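The values are calculated or read from the model by the stated rules, or taken from the named source; none is laboratory data. The model shown is predicted, which means the values in this text are computed figures rather than measured ones. Cβ coordinates were reconstructed from backbone atoms using ideal geometry, including for glycine residues, and neighbour counts include every protein chain displayed. Accessible surface is based on the protein model in full, side chains and every heavy atom, while ligands, DNA and RNA are left aside. Shrake-Rupley method; radii C 1.70, N 1.55, O 1.52, S 1.80 Å.
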Amino acid sequence: MTLCLLLLSLVALVAAVPVPRALTRAVWPEREPVVALWVWQCLVATVLLCCLTALVLSAAAVFHTVRVQVFAPAPRAVTEAYDLSATPPWATALTLLLACGAAWTTAMLARELVEARRRRCLTRAHLRERAPDLPAGLPAARGPLLVLEDEYPDASWLPGHPPQLVVTTGALHRLTARQLDAVLTHERDHARAHHDWLLHLSTALATGFPRIPLFAHFCDQTHRLVELAADDTASRRCGHLTTALALIELNQHRGVLSCASSHRLLGERVDRLLEPPPRLGRRDRALTTTVAALVPLLPLLITFAPGLTALG
């Protein structure tokens, strides 16, 4: 069991520190944002699985009740293969640390979901106040599209039940039909891919563990990559130039080309649309996706290896 815990700790450490830093310096994620998002999710899943399996093993070694519940259906040879009686002196501290980490992660996720729900409710209430009054007898606007009277061009997707696409009259006036189609395609891609859930997850982990490089980079890169992925979907449908012009029209009054950190991404997106980088080959995409999907299996393989060896 001691060897399993050490290997799980090593895998978690490598996936949480050097790999994310190398991935943020890589160039290919900008060429394939969807694949890059998948790689980041697999890295996070690997670390979380390492912590979870290490928690179960250490708790089984320290607490007899947990050991009975975990290894109750297993043959005696499997239980002996883990050598739970030889508990290292640091197993108790590790168990308490991992248990606190699991509780804190759950609390951060719950807090993020509650805050997201509260923000959605406030946004919907604000939109209901801004929505134009309809003639008597007509139902309130609850469809997928909500048009607001506003001179500033804007468009956004509001998740929830039901989800709504909010567009201002300023956007309808300033954008051509093709540009408006690009904006709507961009926002619909966010909804189709459930990017809001990915953003909530990354924000919760970064808030709860801000000093862990993986979670901090995961949050930053997720906010960036979901926009690049939606841009790619819009550009494939409406063209790169049309999508870039629509992005400029929507954000011109905000200073899209300024040097502020929140606006720098907009400038990078425009440059990327005007000079689109070449995509990875189909073979490279498939290979990267497959390897990333196999990485989270490492902690499971390490955990079950003694038992499988005993059965063999």
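Miscellaneous remarks
- Per-pair calculated FRET efficiency, R0 = 41 Å: Ala305 and Leu280 via Cβ, rounded to 0.05: 0.75
- Over the chain: helical MRE at 222 nm, DSSP H runs n ≥ 4 each giving -39500 (n - 2.57), nearest 500: -24000 deg cm²/dmol
- Prolate/oblate/rounded call for region 65-112, Cα gyration tensor, a/c under 1.5 rounded: oblate
- Dipole moment magnitude, nearest 20 debye, region 175-312 about Cα centre, only Lys, Arg, Asp, Glu C-beta charged: 260
- Solvent exposure of region 51-119, expressed per residue, is 62 Å² of accessible area, with all protein chains present and a 1.4 angstrom probe.
- Remark: relative contact order (region 141-210) = 26 percent; criterion is Cα-Cα distance under 8 angstrom and separation of 6 or more residues.
- Cα shape, region 262-304, gyration tensor, a/c 1.5 rule: oblate
- Distant-in-sequence amide H partners of Leu148 (H built 1.01 Å from N, under 5 Å): Val167, Thr168, Thr169
- Computed over Cα pairs, the Kirkwood radius of region 140-218 leads via Stokes-Einstein (1.567 mPa s, 4 °C) to a diffusion coefficient of 90 µm² per second.
- Surface composition of the chain: carbon plus sulfur atoms hold 64% of the accessible area, using a 1.4 angstrom probe and ignoring ligands, DNA and RNA.
- Across region 26-86, the volume of the C-alpha convex hull divided among the residues equals 120 Å³ per residue.
- Over the chain, the reciprocal of the mean inverse Cα-Cα separation, the Kirkwood hydrodynamic radius, stands at 22.6 Å.
- Within the chain, helices built from complete DSSP H runs that reach 27 Å or longer along their own axis (Cα positions) and carry a mean Kyte-Doolittle hydropathy of -1.0 or higher are 33-62, 91-130, 213-238.
- Put simply, the amide H of Gln164, placed in the peptide plane, has neighbours under 5 Å in Leu158, leaving out anything fewer than 5 places away on its chain.
- Label point at Ile212 placed 7 Å out along Cα→Cβ; residues across region 32-60 whose backbone nitrogen lies under 14 Å: 41-55
- Projecting the Cα atoms of Leu145, Leu84, Pro296 onto the dipole axis of the chain, where Lys and Arg carry +1 and Asp and Glu carry -1 at the beta carbon, places Leu84 farthest toward the positive end.
- Table column - 3J(HN,Hα) (Hz), region 152-159, Karplus curve with 6.51, -1.76, 1.60, x for Gly and Pro: 7, x, 7, 7, 7, 9, 9, x
- Average accessible surface for region 173-274: 47 Å² per residue, computed with a 1.4 Å probe over protein heavy atoms with every protein chain in place.
- Percent antiparallel among DSSP beta bridges (both partners in the chain, rounded to 5): 50
- Sorted largest first, the spans of the alpha carbon positions of region 177-312 along the three principal axes are 66, 36, 24 Å.
- When peptides 152-161, 238-247, 69-78 are ranked by their average number of other Cβ atoms within 10 Å per residue, the highest-first order is 238-247, 152-161, 69-78.
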